[in-house]
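For reference, the structure discussed in these notes is given below.
Only the coordinates and a few stated rules stand behind these numbers; no lab work does. As the structure is a computational prediction, the values presented were derived from the model and not from experiment. Cβ sites come from the backbone with ideal geometry, for glycine too, and all protein chains shown count toward neighbours.
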Amino acid sequence: MRLMASILLCLVFTPAALADYTTSRTWFRSLDQDDRLVLQFSLMFTDKYVALADGLFGRRTYEAIISFQTRHGLPRDGILSPPERESLVSEAAALWAITGFRFIDDAATGLTLGVPTALLRPAGSTSRGSRWESPNGAVELETVSIPVDETSYTVLFDRLTTEKATRHVGYSTIKPSFFIISGTTHGKVFYTRFQRDRFETRGFSLAWTPEVDAVFSPLAIAMSNSLSVSDTRITNSPRASPAQPVTSPRIAPNTPEPHQGFGSGFFVDASHVVTAGHVVEGCGSIEIVGYGKASLLRTDATNDLAVLQSRGRSGASAKLRRGPVRLGEEIVALGYPLTIAMADTLTVTGGNVNALSGLGGDSRILRISAPIQPGNSGGPLVDRSGNIVGLVTSKLDELRTLEIAGTLPQKVNFALKASLIDNFLASAGIEPDYSSDTFEPVSIADVAEIAKPFTVQLHCRPE
């Protein structure tokens, strides 16, 4: 694979450009993960970075950096100095603020979607979803939910890609779990993304006039990155039957390269471990420390989740809490951060639930005050009785780092809610244990004793 990648790079870039690409990649990888993600998310708004903000370097990241340098008359070497990066983030933050980009729960379809609320306003509902539009009608947004027993996933794709006199499809791709179509219709540019699950095909379509393409073309990519299933529909949806491992959709991702790193996770039954998706992304092999090698069963890129099959069996497993988490409730985060400095020491930190949603009102997320460090990602967030209320994930924090005010969050951490973990496990045919409806709080030391047996360290190796 590395040989093939090298051959392709030589075909695409001249020797000088290839040297710049290699130097740019080395520089990019030297940045902290926070900085890499903020840079990519900023480029999504400013320089048509049409991929997932994942912290991985690829051709699209390089081309977007070169675009930024070209626009600002900077040396086109693929390397941004700290002042240049600050300028990029400020430019993106200004665009973010102008558009009022916020995460909206659409009750009609059960989707959560980033919507530029300063540019679009609610325009009522349809028989299949909800509508938004700009005041002058130049831009239209529609969410749609279609039962698969009414129109199958592939039939819907075929129908939407059929050429008509007033509709031209310029790009389309279909994967097992999502499809994307873009083109022109009735004089407008459109972008459509639908996600597939067992019972419904759900997604959105955004259409805009060519005059506002410079604004809405990057917004369409940002909205596509933001699309997910909301808590309400997750709670009420039927549990899925066992399925074959499927990787959730990504929008033109950079090609992952094998890497080495550490993270955390927790057993949800005797042989399955849940963790954050980015912890195991690009791993040649995965080890659950103390239990041996593990295989990756399923991932959900949208919600940054992964489940592993352990070769060794655990005598303890976590219990998911079904009841709601309260604002201000005391919580405890466990994991194995800063492994190089702290070896394999389990770290326990306490805090509170500071908000019941993440940046931009993302209802999938809990905002917590418990300190976390690199390596905590994927670890359990538990209540004061040791029940799972979330999964610590620095990646969601990093992907949402540009706030509407244009500042980066300081000492603010996030966890994915337990309801999304439950739904994810259901899609993989895994039935976790649940806590009882009543439970008594105990000391943090006692919580640590409860959670330590099911909390594990993960080691990602290149091969």
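Worth a mention:
- Two numbers describe the Cα atoms of segment 294-386: Rg and Dmax, which are 14.7, 41 Å.
- Computed E for Arg121/Ser152 - FRET, C-beta separation, R0 25 angstrom, nearest 0.05: 0.15
- Using the Karplus relation 6.51 cos²θ - 1.76 cosθ + 1.60 with θ = phi - 60°, the per-residue 3J(HN,Hα) values for segment 298-306 come to 7, 10, 9, 5, 4, 9, 6, 10, 8 Hz, with x marking Gly and Pro.
- Once backbone amide H atoms are built at 1.01 Å from N, Val229 has Thr112 as its partners under 5 Å, excluding neighbours fewer than 5 places away on the same chain.
- Per the Debye calculation on segment 39-81 with a single equal scatterer at every Cα and no solvent contribution, log₁₀ I(q)/I(0) for q = 0.25, 0.34 Å⁻¹ amounts to -0.81, -1.32.
- Of the peptides 32-38, 126-132, 438-444, 156-162, the order by per-residue mean of other Cβ atoms within 10 Å, starting with the highest, comes out as 32-38, 126-132, 156-162, 438-444.
- Kirkwood hydrodynamic radius (C-alpha pairs) into Stokes-Einstein, segment 175-234, 4 °C and 1.567 mPa s, D in µm²/s: 103
- Distance in nm between pseudo-label sites at Ala138 and Glu84 (7 Å out along the Cβ direction from Cα): 3.2
- Taking a ≥ b ≥ c as the square roots of the eigenvalues of the alpha-carbon gyration tensor, segment 100-236 is classed oblate because a/c is 1.5 or more while a/b is no larger than b/c.
- Charge context of Ser134, other residues only, Cβ under 12 angstrom, K/R +1, D/E -1: 0
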